1. Looking at the stretch 18-26, can you tell me whether even one residue there is within 27 Å of residue 4 (Cβ to Cβ), assigned by TED's automatic domain parsing to the domain that holds residue 4 and either modelled with pLDDT under 95 or touching a helix residue (DSSP H, G or I) at 6+ places or on another chain (Cβ under 8 Å) (or both)?
2. When only residues in the stretch 47-62 that are surrounded by 10 or more Cβ atoms within 10 Å (Cβ to Cβ) and part of a loop (DSSP other than H, G, I, E, B) count, which is modelled with the highest pLDDT?
3. List the pairs whose first member sits in the stretch 9-21 and is touching a residue at least 12 places away in the same chain (Cβ under 8 Å), whose second member is assigned to a helix (DSSP H, G or I) and crowded, with 19+ Cβ neighbours inside 10 Å, and whose Cβ atoms are under 8 Å apart, counting only residues at least 6 apart or on separate chains?
4. Among the residues of the stretch 104-130 satisfying the criterion of being free of Cβ contacts under 8 Å to residues at least 40 places away in the same chain and either surrounded by fewer than 11 Cβ atoms within 10 Å (Cβ to Cβ) or of a type in the set (Asp, Glu) (or both), which is farthest from residue 71 (Cα to Cα)?
5. Between residues in the stretch 85-103 that are under 16 Å from residue 119 (Cα atoms) and residues that are of a type in the set (Lys, Arg) and surrounded by fewer than 11 Cβ atoms within 10 Å (Cβ to Cβ), which pairs lie under 9 Å by C-beta distance while being six or more apart or on different chains?
6. Could you list, in sequence order, all residues of the stretch 83-129 that are at pLDDT below 90 and among the hydroxyl-bearing types (Ser, Thr, Tyr)?
Amino acid sequence: MKLLSPIPQLTAPSLQDTVDFYVSVLDFTCNTLDEEWKIACIKKDDVTVELVHPQARFPYNGGEPFNAPVFTSGIYIHLEEGKEIDELWEKVKDKAEVCFPVQDFDYGMREFGIYDNNGYLLQFGQEISA
């Protein structure tokens, strides 16, 4: 048995606004936006995220109102080694609320964190070249 990459499901009170955020700020592509099922699927490279409206028609969705993101931490997206993290930082820093700016950490990573339009923490990291 081989496990594949996880697909986070994020509650999004406005699917269209959330799709617009990920498409315009982070260059994701929207593969699905289904208003009947109240779900959207967005993708960039190897990262896929499902956006689920609080009233989505799924057996596991309790139809709870969305007051704020309920998440124990953030979504961490690892980038290939190179200078792409600085390019991405320059692209997004003025388009999203910043949690922490791009910086190098002692554990060998260059990272930054932003919040999406719903308040979910998105962290981006890239290994620092020796």
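The values are calculated or read from the model by the stated rules, or taken from the named source; none is laboratory data. In this text the structure is predicted, and so the values were computed from the model without any measurement. Every residue, glycine among them, receives a Cβ derived from its backbone with ideal geometry; neighbour counts consider all protein chains shown.
1. yes
2. The selected residue is 53.
3. 10/18; 12/18
4. 130
5. Within 9 Å, no pair qualifies.
6. 107, 129
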